[in-house]
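Quick notes on the structure that follows.
The values are calculated or read from the model by the stated rules, or taken from the named source; none is laboratory data. No experiment lies behind these values; they were computed from the predicted model shown. All Cβ positions, even for glycine, are placed from backbone atoms using ideal geometry, and neighbour counts span all protein chains on display. Note: accessible area is taken over every heavy atom of the protein model, side chains too, but ligands, DNA and RNA are not part of it. Shrake-Rupley method; radii C 1.70, N 1.55, O 1.52, S 1.80 Å.
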Amino acid sequence: MSKKPTNISNENQNYDESNLDTVKKCGFSDKVCTSSNPDSFLIKQKEHKWFEMLKNWDPFMTSNFSKVRGCCSRGIPHSVRAAAWQALSGSANLQKKNADMFKDLLQKESECMVCIDKDLARAYRISDLFAEKNGLGQTELRNVLKAYSIYNPKVGYFNFGMTCIAGILLMLMPAEQAFWCLVSIMNKYLPGYFSAGLLAVQLDGRVMESLVHDIDPKISAFLKKNDVQATFYAIEWFLCAYTRTLPWETVLRIWDMFLCEGVKVLIKTGVTLILLAFSDKKVRDACDSFDKALKYLKYKLPEHLLEEDFFMNELLGLHISEEQFKETHLAQLAKLKENFS
């Protein structure tokens with residue numbers, strides 16, 4: 001399990017308060033701030049609070065992490081989400097330190113283009129923005145993935161999960177910003193996820209299973225009885241960071257927390273999904289085989305369980321201490337090492 005990401009100062013960025021009401025592209029927006037909207041004042045307050053934090057990000061983050069975490073768990077206003085994600089991940093500072101590198105990388109050749117282009121044909125599954133062959137969306141997605149494959153040749157281009165992660169970033173920010181945010185995520189949040197054997201993903205899957213056992217032994221016993229192991233469902237959850245599992249509004253809220261607290265948010269999201277799926281004994285009785293249980297968990301969860309407000313209430317109500325995470329991680333790491341020794 002990754003450590004809490006170290007946040008890097010974005011101190012010379014220009015955050016213009018007049019732009020806070022601007023609704024970003026791609027259809028993700030907060031409710032429009034009008035006098036007839038009862039939530040408009042609350043949204044304005046949240047926007048202003050984020051603007052003030054972003055103006056003095058490094059010192060504020062250093063001394064007020066718990067406040068930032070609280071703001072992220074309540075949801076970042078969409079009008080400042082792109083700037084907030086870059087601040088949380090430290091990607092804006094990386095971009096500032098490496099001016100023109102993105103453009104330079106695009107001038108080079110990548111050995112991964114066959115694989116990248118093959119997955120671009122499936123990019124419509126992320127969003128309609130990437131559905132048009134050689135359209136603007138696919139072109140920018142191709143450029144981000146190509147640049148990363150050259151920037152980090154050890155990883156190169158691994159699988160469709162990287163396309164999903166780059167895709168959600170492009171739905172909030174321009175290609176160059178999305179590239180540096182991808183670099184930060186791969187380096188600090190998901191190290192080892194995109195590597196042969198998927199050992200880091202396997203480890204976090206084991207941590208998730210262990211936490212489910214601690215919280216609800218009956219559900220854990222049910223999964224074990226039907227041989228529903230994390231490797232059958234959690235690989236896609238983790239590698240795609242839930243972009244192909246949950247509604248987009250819910251995904252954005254999870255990413256707000258993920259970029260603040262790290263990979264433990266992905267693990268807690270998985271625990272929440274499992275608990276919601278099988279807390280009802282009638283559901284467990286109906287899913288009386290491996291195929292039925294796995295299909296229900298992956299594809300047939302009732303939509304209302306995944307809706308933003310309901311799901312986030314369940315996720316935020318799941319209390320797992322830092323100490324429990326640490327102990328569980330160490331225990332599962334030892335078991336994984338033993339299996340491969």
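Laid out as a table, the results:
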{"quantity": "The chain: mean projected area of Cα convex hull, nm²", "calculated": "18.4 nm²"}
{"quantity": "Taking the convex hull of Cα positions in the stretch 258-312, its mean projected area over all directions (nm²)", "calculated": "4.3 nm²"}
{"quantity": "Given charges at beta-carbon only (K, R positive; D, E negative), |dipole| of the chain in Debye", "calculated": "500 debye"}
{"quantity": "In Å, descending, principal axis extents of the Cα set of the stretch 216-325", "calculated": "38, 31, 24"}
{"quantity": "Descending semi-axes in Å of the stretch 122-253, equivalent ellipsoid built from Cα gyration tensor", "calculated": "30, 17, 12"}
{"quantity": "11 Å beta-carbon shell around K146, net charge (K/R +1, D/E -1)", "calculated": "-2"}
{"quantity": "Cβ-based net charge around S91, under 12 Å, with every Lys or Arg adding one and every Asp or Glu removing one", "calculated": "+2"}
{"quantity": "The stretch 107-154: GluC sites (Glu not before Pro) in DSSP coil with no more than 11 other Cβ atoms inside 10 Å", "calculated": "E109, E111"}
{"quantity": "Exposure ranking of I215, I168 by accessible area [1.4 Å probe, largest first]", "calculated": "I215, I168"}
{"quantity": "Gyration tensor over alpha-carbon atoms, the stretch 212-255, equivalent ellipsoid semi-axes in Å", "calculated": "25, 13, 8"}
{"quantity": "The stretch 175-229: Cα Rg divided by the 2.2 N^0.38 Å rule of thumb", "calculated": "1.59"}
{"quantity": "Percentage, to the nearest whole number, of Cα pairs in the stretch 290-341 over 14 Å apart", "calculated": "72 percent"}
{"quantity": "Distance histogram for the stretch 146-186 (every C-alpha pair counted, 10 angstrom bins, percent rounded to whole numbers)", "calculated": "31, 62, 7"}
{"quantity": "Test item: Cα-centred dipole of the stretch 31-135, Lys/Arg +1 and Asp/Glu -1 on Cβ, debye", "calculated": "500 debye"}
{"quantity": "Accessible area per residue, Å², the chain with all protein chains present, probe 1.4 Å", "calculated": "49 Å²"}
{"quantity": "Rounded Å value of the spacing that divides the Cα centres of the stretch 280-325 and the stretch 100-178", "calculated": "32 Å"}
